[in-house]
Amino acid sequence: MVNITFGSGSNPGPPLTTTLTNYNFVTHDCPDDGAYTIANSTPNCFSNTWYSVPEDHTPGDVNGYMMVINASFNPGDFYVQKVDGLCDNTTYEFAAWILNVLNFNACQSPVSPISPNVTFKIETTSGTVLQTYNTGDILRSGSPKWNQYGLFFKTPAGATSVIVRMTNNAPGGCGNDLLLDDITFRPCGPLVTASINDTAKSVDVCKGNPSSFTFNGNVSSGYDNPVYQWEVSIDSGITWSDIAGANTTTYVRLPNNNSGAYHYRLAVAQGNNIAVPSCRVVSNVVTVNVNPIPIPAAANTGPGCTGKALTLKAMQGNIFSWSGPNGFTSSDQNPLIQSAALNNTGRYYVKAISDKGCVNTDSTDVVINISPQVNAGNDAEICEGKSTQLFATGSNILFYNWNPSISLSNSNIANPIASPTETTLYIITASNNFCNDYDSVTVTVNKKPVADAGPDRVIIRGQSAVLNGKAGVENFTFSWTPNQFISSTSILNPVVNPPNVTAYILNVASNIGCGIATDTVLVKVYNDLYIPNAFTPNGDGKNDTWTIETLEAYPDAEVKVFNRYGELVYYNHGKKVQWDGKYRGVLQTSGVYVYIIDLKNGTKPKKGIVTIVL
């Protein structure tokens, strides 16, 4: 009926009303003598003379408050409360949880630690004492521990309110410090027990079970005018409702076709007090579990196809039993028919059993269709740029589909023309509207040969050059022509030293019949180094650059060009010389420029002039 937990939250909690206590409320953690606070924990107060208590007593109460009391030096009341709404002629238990928070080792000799000593007193509103109880010295050994203290009392006829008084009997000094929490009132009465069919505390039935059950209550003596009421709860005892007409110690429960856990108990009260739920004493709880029947929802992954896998499915249950055509049986939830045949067509039944033994059945119809059979034909090889015809054969086929469809003349016929540019795997899907079959064929594309004789070369008569030939694709042969003034015609980088201008041809042939490729490199032969002495960089497309073609015969040559002021306006090293007459992007003026060419071959650098004519 009463459960005072002081609430919860961050420190400090709100003060009590002045009608409940005459102690002073403080907002800090450690109240002085004659003071209190409301807090969810206590630190090591007064130089560790108190133990640190990290939480209140109320189970599961996050940041739950408690009353933290430093008792007054003078004994006296520290908590007084009027409790209303009680039932007359009813026995109650009044209790509270108290913890001695003093660290006994903190009291300095010869001072002895003082233990809290509390008297509980129940009075009528007119002051008549109904019952008292004294805790004695609340001693502590070891770590701090919550203990419950309380008493029993009976309300007089017509009395619905009492005064609760808690008095501190201990004197002041080192100690007499306590925590208070969970002040409770509850009615007491005869012992009440309940059972189902005389013995069981709970029974399990399946939804649709027609059985009824008899609940029996056994009530010990304690009330001279007991009144009975059976109650029911469908939320595990959070809320209870009276069952109309169930007012004897026996109650017959009729079948209920709704699934769920139904909890029952017998309540007893003195006379008219039965009308007040808080005045009742109740029995243990008995439970009828109406368990749902499983819903198999039988199904299958069909329509199936011959030679293909098909799965039967059941949704709910713990144990399964399947049966079907041709003696089919299985205890799997989702049995697999690995390779379906036409005689697998028919109706399949499943019995599903729940973990509570509830049973239900269902069925599913399986249809098996004849699968098509397709063969994509043999792999093929073609040369780049050529085509080949695909040849698919089979049975029970209405539709064809080749993938990828690109490079095919028609992707929906059995024998399309394939013209891939790269080696391609073609997959064919054959269908008869119900079932599909698949196969594949690879068309290998052999690339045409590629010949690259490399860049033209320049030499001075008597010099030699290395040709930089390249041949593409695999499975090919190559050779150089003509077979004159060349170190070898069967390597890609031969050395040549013709006396005159000569064109060498690189011939590359496919060994699998995919053609021949050729390319030509021109080897220019000069009698001496020729250096032009003038050029006209006017943008008319004629003689616009100073080009020293013969310098290509000296790949390490260094070229420097200076203007009349000695500034370096052009520099080249190891590259083809093609000066456009510009320095830092600006076209130089007409006039004479000095060049120095170092061939890097041990000879004396060549000096001369070149003229820009605009």
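The values are calculated or read from the model by the stated rules, or taken from the named source; none is laboratory data. Treat the numbers as computed from the prediction; the structure is a model and nothing was measured. All Cβ positions, glycine included, derive from the backbone under ideal geometry; neighbour counts span all protein chains shown. SASA here: full protein model, heavy atoms, side chains in, ligands and nucleic acids out. Shrake-Rupley method; radii C 1.70, N 1.55, O 1.52, S 1.80 Å.
Once the piece of chain linking Asp77 and Asn343 is laid out straight, how much longer is it, given 0.36 nm per residue of separation minus the C-alpha distance between them?
86.5 nm
Considering only protein heavy atoms, what is the solvent-accessible area of Thr442 at a probe of 1.4 Å, reported in Å² to the nearest 10?
It works out to around 40 Å².
Given contacts defined as C-alpha pairs under 8 Å and at least six residues apart, what's the relative contact order of segment 172-237, whole-number percent?
The normalised contact order for segment 172-237 reaches 34 percent.
By what distance, in whole Å, do the Cα atoms of segment 519-579 stretch along each of the three principal axes, largest value first?
45, 30, 22
Decide, for the chain, between rounded, prolate and oblate: order the square roots of the alpha carbon gyration tensor eigenvalues as a ≥ b ≥ c, take rounded if a/c falls under 1.5, and otherwise choose prolate if a/b is larger than b/c, else oblate.
Values: a/c = 5.86, a/b = 1.95, b/c = 3.00.
Oblate is the answer for the chain, as a/c is 1.5 or above yet b/c matches or exceeds a/b.
Over the chain, what is the relative contact order in whole percent, taking alpha-carbon pairs under 8 Å and six or more residues apart? Display every interim value, and only then the final one.
Numbers: 1592 pairs, mean separation 43.0, N = 614.
Averaging sequence separation for qualifying contacts and normalising by length gives 7 percent for the chain.
Tell me the carbon and sulfur percent of the accessible area for the chain, rounded to whole percent, probe radius 1.4 Å.
C and S fraction of accessible area: 49 percent.
Give the separation of the Cα centroids, segment 278-308 to segment 229-272, in Å.
24 Å
With the dipole of the chain worked out from charges on the C-beta (+1 for Lys and Arg, -1 for Asp and Glu) around the Cα centre, which of Tyr36, Tyr583, Val374 lies farthest toward the positive end?
Farthest towards the positive end: Tyr583.
What order, most packed first, do the peptides 234-244, 360-370, 480-490 have when packing is the mean number of other Cβ atoms within 10 Å of each residue?
Details: 234-244: 12.0, 360-370: 17.0, 480-490: 14.5.
The packing order, highest mean first, is 360-370, 480-490, 234-244.
Put Ser590, Ser221 in order of accessible area, largest first, 1.4 Å probe: what do you get?
Numbers: Ser590 55, Ser221 110 Å².
So the residues, ranked largest to smallest area, are Ser221, Ser590.
Could you work out the pair-distance distribution P(r) of segment 161-292 from its alpha-carbon pairs, with 10 angstrom bin width and percents rounded to whole numbers?
The distribution over segment 161-292 is 11, 35, 24, 14, 10, 5, 2, 0, given as percents.
Would you mind computing, in nm to one decimal, how far apart the modelled labels at Thr393 and Ser8 are, each placed 7 Å from Cα along Cα→Cβ?
Roughly 8.1 nm, to one decimal.
How much length, in nm to one decimal, is gained on full extension between Ile243 and Glu567, taken as 0.36 nm per residue of separation minus their Cα-Cα distance?
Contour length minus the Cα-Cα distance gives 105.0 nm.
Can you work out ³J(HN,Hα) from phi for every residue in segment 135-143, in order, using Karplus 6.51 cos²θ - 1.76 cosθ + 1.60 and θ = phi - 60°, giving whole Hz and x for Gly and Pro?
Computed from phi, the couplings for segment 135-143 are 6, x, 5, 7, 7, 9, 10, x, 6 Hz.
For segment 547-597, give the magnitude of the charge dipole about the Cα centre (Cβ charges: +1 Lys/Arg, -1 Asp/Glu; no others), in debye to the nearest 20.
Charge dipole, segment 547-597, about its Cα centre: 220 debye, nearest 20.
Can you work out ³J(HN,Hα) from phi for every residue in segment 9-23, in order, using Karplus 6.51 cos²θ - 1.76 cosθ + 1.60 and θ = phi - 60°, giving whole Hz and x for Gly and Pro?
Values, residue by residue: x, 7, 7, x, x, x, x, 6, 5, 5, 6, 8, 8, 9, 6 Hz.
Report the dimensions of segment 413-537 along its three principal axes from the alpha-carbon atoms, largest first, rounded to Å.
86, 41, 16
Once you put a point 7 Å from the Cα of Asp365 and another 7 Å from the Cα of Ile516, both along the Cβ direction, what distance in nm separates them?
7.3 nm
Let me spell out the model: positive unit charges on the Cβ of Lys and Arg, negative unit charges on the Cβ of Asp and Glu, origin at the Cα centre of the chain. What dipole size does that give, in debye rounded to 20?
Details: 35 positive and 45 negative charges, 393 e Å.
For this selection, approximately 1880 debye.
What ranking of Asp204, Asp61, Asp355 comes out by heavy-atom accessible area, probe 1.4 Å, highest first?
Output order, biggest surface exposure first: Asp355, Asp204, Asp61.
Please report, in whole Å³, the volume per residue of the convex hull around the C-alpha atoms of segment 335-422.
So the per-residue hull volume is 164 Å³.
With a cap of 10 neighbouring Cβ atoms within 10 Å, and only residues DSSP puts in a loop, list the trypsin sites (Lys or Arg not before Pro) found in segment 53-152.
On the way: sites: Lys82, Lys121, Arg140, Lys145; in loops: Arg140, Lys145.
Passing sites in segment 53-152 are Lys145.
Please compute the modelled spin-label separation between Lys201 and Leu336, points set 7 Å along Cα→Cβ, answer in nm with one decimal.
Taking the simple label geometry, Leu336 and Lys201 are separated by 4.6 nm.
Provide the per-residue ³J(HN,Hα) series for segment 54-71, in order, calculated from phi with Karplus coefficients 6.51, -1.76, 1.60 and θ = phi - 60°, each as a whole number of Hz, with x at glycine and proline positions.
Working through the residues one at a time gives x, 7, 7, 7, 4, x, x, 8, 5, 6, x, 7, 9, 8, 9, 10, 10, 4 Hz.
Take the Cα atoms of segment 459-532, build their convex hull, and give its volume per residue in Å³.
88 Å³
I need the calculated FRET efficiency for the pair Asp580 and Ile609, taking r as the beta carbon distance and R₀ as 22 Å, to the nearest 0.05.
After rounding, the FRET efficiency stands at 0.75.
Express in nm, to one decimal, how much length is gained between Thr545 and Val495 on full extension, taking 0.36 nm for each residue of separation and deducting their alpha carbon distance.
Using 0.36 nm per residue and subtracting the Cα-Cα distance, I get 14.9 nm.
Based solely on its DSSP helices, what 222 nm [θ] is calculated for the chain when runs of n ≥ 4 H residues each add -39,500 (n - 2.57) and the sum is averaged over all residues, nearest 500 deg cm²/dmol? All intermediate terms of the calculation are to be shown ahead of the outcome.
Numbers: 1 runs with 4 residues, N = 614.
Mean residue ellipticity, 222 nm, calculated: 0 deg cm²/dmol.
If a/c stays under 1.5 just call it rounded; otherwise compare a/b with b/c (prolate if a/b is bigger, oblate if not). Do that for segment 57-131, with a ≥ b ≥ c from the square roots of the Cα gyration tensor eigenvalues.
Oblate shape, in that a/c is at least 1.5 and b/c is the bigger or equal ratio.
Considering the dipole of the chain built from charges on the beta carbon (Lys and Arg +1, Asp and Glu -1) around the Cα centre, which of Ala298, Gln333, Ile597 is farthest to its positive end?
Ile597
Would you work out the Kirkwood radius for segment 115-217? I mean one over the mean of 1/r across all pairs of different Cα atoms, in Å.
Details: mean 1/r = 0.0543 Å⁻¹.
Value: 18.4 Å, from the Cα pair sum.
List the residues, sorted by chain then number, that are 5 or more residues from Thr423 or on another chain and whose placed amide H is less than 5 Å from its amide H.
Val445
Per residue, how many Å² of accessible area does the chain show with a 1.4 Å probe?
51 Å²
Below 23 Å, Cα to Cα, which lysines can Lys582 reach? Residues fewer than 8 away in the same chain don't count.
Lys542, Lys560, Lys606, Lys607
Rounded, prolate or oblate: pick one for segment 1-61, where a ≥ b ≥ c are the square roots of the eigenvalues of its C-alpha gyration tensor, a/c under 1.5 means rounded, and failing that, prolate if a/b is larger than b/c, else oblate. Display every interim value, and only then the final one.
Numbers: a/c = 2.05, a/b = 1.15, b/c = 1.78.
The shape class here is oblate.
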